[in-house]
Amino acid sequence: MTNKSSLINALLWVILASMWGSSFSMIKLGVASLDPVVIVAGRMLIGAVLIFCVLIWAGQRLSSNAKVWLSYTIAGLLGSTIPFVMITYGEQSVDSALASILMGVAPVATVVFAATVLPDEKLTKRVVAGLVFAVMGVVILVGPSALHSLGNDFTGQLSIICAALCYAANTVYVKCCVRRPALEMASGSTLVGAFSILLITFLMGKHEFSIEPTMMSIGAVVYLGVFSTGCANLIYFYLVPRIGATRLSQINFAVPVMGSLIGFFFLNEMLTLRHIMALAVIVFAVYLVLSGAKSSAGKVHASK
């Protein structure tokens, strides 16, 4: 991989972290006046239309092969529909600080899954140390007090943890089993995800739309659809085969950091010494994991 490619991948990694980091705040705005399933259906529909238009514009098309559509379905359900619903429901009762900590399950689970399934992503001491530091950094960032409510709302917290496990399984699945172009996978999986959640919404009945939406909640859904779903999926499927499951999974530790920086630069929120300390710890942790994964991959390739 050239230095230019590495720089582009790093930039896209940061952009993806920003898009996902801002989604928790947008979900909070949306659930104030919209049902969680309606929010997910709206963001998935917008994201699916956006990516499909990009697919057509690029002169590509979806496959007609049944096995490929199975991969669209698995990636769409594991990577979008199921975790989106779980997170949105969970955030009705779990505050965003604790949700950030619980989402830290995703990169930890991804590393374990990847080490079990993928021969070039071994679980090294450096990777384990990085995971420990990363969890510490997230706790520092949101404040240890966020852990006080751990276990109070078991259903909501379990919902977010299950969403994190879905993300982990999907990242490893895409790295291990998917060989289709990134744009095609993004479009196919998002279309399947959108269809499935719209079907669920329809089966639940029209009462789901009885809550009157506000301009703020509509704006939140549009943002989630365009950026946190559409653009994010395009970047995600581009990065997974290029940087690997372990490296990409570390983005879940950067998400709360990016959320804090977004709040500081755009929402006039205060950036405290605690935030700066957490940022330093998390950056160091991600470095440990990335370098540990890199050295492990090098050993595997060298032994071939």
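For residue 250, which sequence-distant residues (separation of 5 or more, or a different chain) have an amide H within less than 5 Å of its own amide H, given hydrogens modelled in the peptide plane?
The list, which skips near neighbours in sequence, is empty: none.
Starting from the Kirkwood Rh over alpha-carbon pairs, what translational D in µm² s⁻¹ does the range 1-136 have by Stokes-Einstein at 4 °C and 1.567 mPa s? Kindly include the intermediate steps, with their values, before the conclusion.
Details: Rh = 17.9 Å.
For these conditions, the coefficient is 72 µm²/s.
Want the number for residue 62 to residue 214: 0.36 nm per residue separation, take away the alpha-carbon distance, what's left?
Details: separation 152, 0.36 × 152 = 54.72 nm, distance 3.58 nm.
The span from residue 62 to residue 214 would gain 51.1 nm if fully extended.
At 7 Å along the Cα-to-beta-carbon direction for both residue 15 and residue 117, put a label point, then send me their distance in nm to one decimal.
2.7 nm
Using 7 Å Cα-to-Cβ label points, what is the residue 70/residue 176 separation (nm, one decimal)?
So the label points at residue 70 and residue 176 sit 1.5 nm apart.
In Å², what does the accessible area per residue of the range 64-106 work out to with a 1.4 Å probe? Walk me through the numbers on the way to the answer.
Working: 1620 Å² over 43 residues.
Ligands and nucleic acids excluded, the result is 38 Å² per residue.
Using a 1.4 Å probe over the heavy atoms of the protein chains, calculate the carbon and sulfur portion of the accessible area of the range 157-229 as a whole percent. Walk me through the numbers on the way to the answer.
Working: 2620 of 3460 Å².
Answer for the range 157-229: carbon and sulfur cover 76 percent of the accessible area.
Carbon and sulfur together cover what percent of the accessible area of the range 21-105 at a 1.4 Å probe radius?
The computed percentage sits at 68.
In sequence order, what are the phi-derived ³J(HN,Hα) couplings for the range 28-37 according to the Karplus relation 6.51 cos²θ - 1.76 cosθ + 1.60 with θ = phi - 60°, rounded to whole Hz, with x for glycine and proline?
Each residue's phi maps through the Karplus curve to give 4, 5, x, 6, 5, 9, 10, 5, x, 5 Hz.
The values are calculated or read from the model by the stated rules, or taken from the named source; none is laboratory data. Owing to the predicted nature of the structure, the values given are computational and were not obtained by experimental measurement. Glycine also receives a Cβ, built like all others from the backbone with ideal geometry; neighbour counts cover every protein chain displayed. To get the accessible areas, we keep the full protein, side chains included, count just its heavy atoms, and leave off ligands, DNA and RNA. Shrake-Rupley method; radii C 1.70, N 1.55, O 1.52, S 1.80 Å.
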